[in-house]
Amino acid sequence: MTDFNKILDSGEINKAQINVVVEIPTGSNLKVEWNRHKKVFELDRVEPVIFQKPCNYGFIPQTLDEDGDELDVLLICNQSIPTGVVVEATIIGIMNFEDDGEMDHKVVAVPSDDRETGNAVKSLDDLPKQYIKQIEHHFTHYKDLKKPGSTNVQGWGDIDSAKATIVECQKRWQTEK
C-alpha cells in the first residue's frame, strides 16, 4: 500500500490548502484508522449505527497531533468520499477537541474545487449552525456507550487557529517521526 506520509506533504498551509487522506466516509459507523507503521488502513472498531460520521473524516500527512496520531480533518462535502482517496482541501476552521485527556484537534476543511456549491463555504460561519451542533453532539457523545464523559468539544477556532495547529503538528512530525 502507498505510504501517504512519504508521497504527500501537508499542503500549502500559508495558503490554507491541505492534503487530506480520507479514512472514514460520511455516514459510516466503521472506525477506520491509518496505521503509519504498517502503511495500511485498519478497522479499529465498529461504532453503533447511531454514531455514524456526520462528515468525511481523514488526516493531514506529515503531521502529528498531541495524541500521537496524524492531525485529523473533518472534510465537509455533500458526498461520501471513499477510504484512501486523497483530497486537496481548503481550511475553514478547527474544532478543539479533548479525548481521554489528550488534545485531538480536528481541522475543518472543504474540497478546494467544489463545483456543486460553487466553493461557497469559506469559513465555519458559512455552515448551518444546526450542522455545527450535530458535529459537536457527535464528538461529545460517540464514546458514551463505552467511556461516558471521555470526550469534550472545547470550542471552535478560525482559519488562522487551524493553520497554527497544523504548523505545530508539522514540527512534532519532524521531531518524532
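The values are calculated or read from the model by the stated rules, or taken from the named source; none is laboratory data. Just so you know, these numbers come straight off a predicted model, no measurement behind them. Note: ideal-geometry Cβ built from the backbone for every residue, glycine included; neighbour counts use all protein chains shown.
Residues that are of a type outside the set (S, T, N, Q), in contact with a strand residue (DSSP E or B) (Cβ under 9 Å, 6 or more places away or on another chain) and farther than 28 Å from GLU176 by Cβ do not occur anywhere in region 90-106. So which residues in region 110-119 are surrounded by 13 or more Cβ atoms within 10 Å (Cβ to Cβ) and either of a type in the set (A, V, I, L, M, F, W, C) or free of Cβ contacts under 8 Å to residues at least 60 places away in the same chain (or both), if there are any at all? Hits for region 110-119 are VAL110, PRO111, ASP114, THR117, ASN119.
Every residue, every condition in (1) β-branched (Val, Ile, Thr); (2) assigned to a strand (DSSP E or B); (3) closer than 19 Å to GLY58 by Cα, yes or no:
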site	(1), (2), (3)
THR90	yes, yes, yes
MET95	no, yes, yes
VAL108	yes, yes, yes
GLY155	no, yes, no
GLN170	no, no, yes
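Test ILE94 against the criterion of being of a type in the set (Val, Ile, Thr), surrounded by 13 or more Cβ atoms within 10 Å (Cβ to Cβ) and in contact with a Gly (Cβ under 6 Å, 6 or more places away or on another chain), and give yes or no. Criteria met by ILE94.
One residue alone among VAL22, VAL87 is out of contact with any Pro (no Cβ under 6 Å at 6 or more places or on another chain) and hydrophobic (A, V, I, L, M, F, W, C), and that residue is VAL22. All conditions but one from (1) more than 15 Å from the chain's Cα centre (by Cα); (2) surrounded by 13 or more Cβ atoms within 10 Å (Cβ to Cβ); (3) of a type in the set (A, V, I, L, M) apply to LEU145; the one that does not is (2).
The residue of region 120-142 that is surrounded by the most Cβ atoms within 10 Å (Cβ to Cβ), among those that are touching a residue at least 12 places away in the same chain (Cβ under 8 Å) and outside any helix (DSSP H, G or I), is TYR142. Among the candidates THR140, THR117, THR90, THR83, the residue that is under 23 Å from ARG36 (Cα atoms) and not small (Gly, Ala, Ser) is uniquely THR83.
Let's see how each residue does on (1) touching a Pro at 6+ places or on another chain (Cβ under 6 Å); (2) at pLDDT below 95; (3) of a type in the set (D, E, K, R):
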position: GLU102; (1), (2), (3): no, yes, yes
position: PRO111; (1), (2), (3): no, no, no
position: LYS122; (1), (2), (3): no, no, yes
position: ILE132; (1), (2), (3): no, no, no
position: TRP156; (1), (2), (3): no, no, no
position: ILE159; (1), (2), (3): no, no, no
position: THR165; (1), (2), (3): no, no, no
position: GLN170; (1), (2), (3): no, no, no
position: GLU176; (1), (2), (3): no, yes, yes
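Which residue, of ASP104, ASP69, is within 19 Å of ILE132 (Cβ to Cβ) and without any contact (Cβ under 8 Å) to a residue 60 or more places away in the chain? Unique residue meeting the criteria: ASP104.
Filtered by the rule that a residue be in contact (Cβ under 8 Å) with a residue 40 or more places away in the chain, over 16 Å from VAL107 (Cα atoms) and over 16 Å from the mean Cα position of the chain (by Cα), region 10-50 gives GLU47, PRO48.
Comparison of ASP72, ASP65 shows that the only residue that is part of a strand (DSSP E or B) and crowded, with 18+ Cβ neighbours inside 10 Å is ASP72.
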